[in-house]
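Participant: Just dropping this structure here.
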Amino acid sequence: MDTFRVCFVCTGNICRSPMAEAVFRSHVEEAGLEDRIAVSSAGTGGWHVGDPADPRTAETLESAGYELVHSARQFEPEWFAGQDLVVALDEGHERELRAMAPTPRDAAKVRLLRSYDPTASERDGFGFDVPDPYYGGTRGFDDVLRLVEAAVPGLLSEVAATLDAATLDTADPDAATPDAADREEAHGQRAHRPQARQQSRPQSRREAAQRKAAGR
């Protein structure tokens, strides 16, 4: 496996999925995996095709130290063939993507972003959705960033493990690299399960920026 391809999908590809794309790409680069992981985003609908990210998304990302150059796209069924993971921002997107998948193998590539957050719970006010902030104020965009940042490390860990397995497979032809269905089965053992909130978590870019500004 030369390149592992991840596409984040929300509704119009101007709010949530571009934010997830920017945050995940930043983590990929920090891990030194930018040559092995390709990151993109798209929407289930085509209303905003060609538009830049919502200004509130751009402002939230910039304030937290993330970079994004963006033009909205609509996810098409034939794109499944070129993706290894299609990451849905909420359960509605998950259902829609699985319904449009050409094959069961393609449907197995669809995951919920918050399923990678070990603190996600039906009791945390969000369930397993990253809520749409479009019709609200800036606080909604801050919430989206917080939820995305909490899930991205788990997603990157799974992708990195898959790449490591592929490297071993190249060295040992008898070793089996997990395909989409295998990864879905393994991931499903921990996804959609409320878990105890962790005592500590990695510092986000926003927190680091705030500490730096405060001189701490």
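The values are calculated or read from the model by the stated rules, or taken from the named source; none is laboratory data. None of these values were measured; they are calculated from a predicted model. Note: accessible area is taken over every heavy atom of the protein model, side chains too, but ligands, DNA and RNA are not part of it. Shrake-Rupley method; radii C 1.70, N 1.55, O 1.52, S 1.80 Å.
Participant: Which ³J(HN,Hα) values, rounded to whole Hz and listed in residue order, are derived for region 151-160 from phi using the Karplus coefficients 6.51, -1.76 and 1.60 in 6.51 cos²θ - 1.76 cosθ + 1.60 with θ = phi - 60°, glycine and proline given as x?
Facilitator: Each residue's phi maps through the Karplus curve to give 8, 4, x, x, 5, 5, 4, 5, 5, 4 Hz.
Participant: Could you work out the relative contact order of region 44-163, using alpha carbon pairs under 8 angstrom and six or more residues apart, expressed as a whole percent? Walk me through the intermediate numbers first.
Facilitator: Details: 135 pairs, mean separation 26.2, N = 120.
Averaging sequence separation for qualifying contacts and normalising by length gives 22 percent for region 44-163.
Participant: From the protein chains alone at 1.4 Å, what is the descending order of accessible area for MET19, MET100, MET1, largest first?
Facilitator: On the way: MET19 0, MET100 45, MET1 80 Å².
These residues rank, largest area first, as MET1, MET100, MET19.
Participant: Counting pairs of Cα atoms in region 25-79, how many percent are more than 18 Å apart?
Facilitator: 47
Participant: I would also like to ask the following. Please list, in chain and number order, the residues 5+ apart from ARG5 or on another chain whose amide H is under 5 Å from its amide H, with Hs placed from the backbone.
Facilitator: ALA38, ASP84, LEU85
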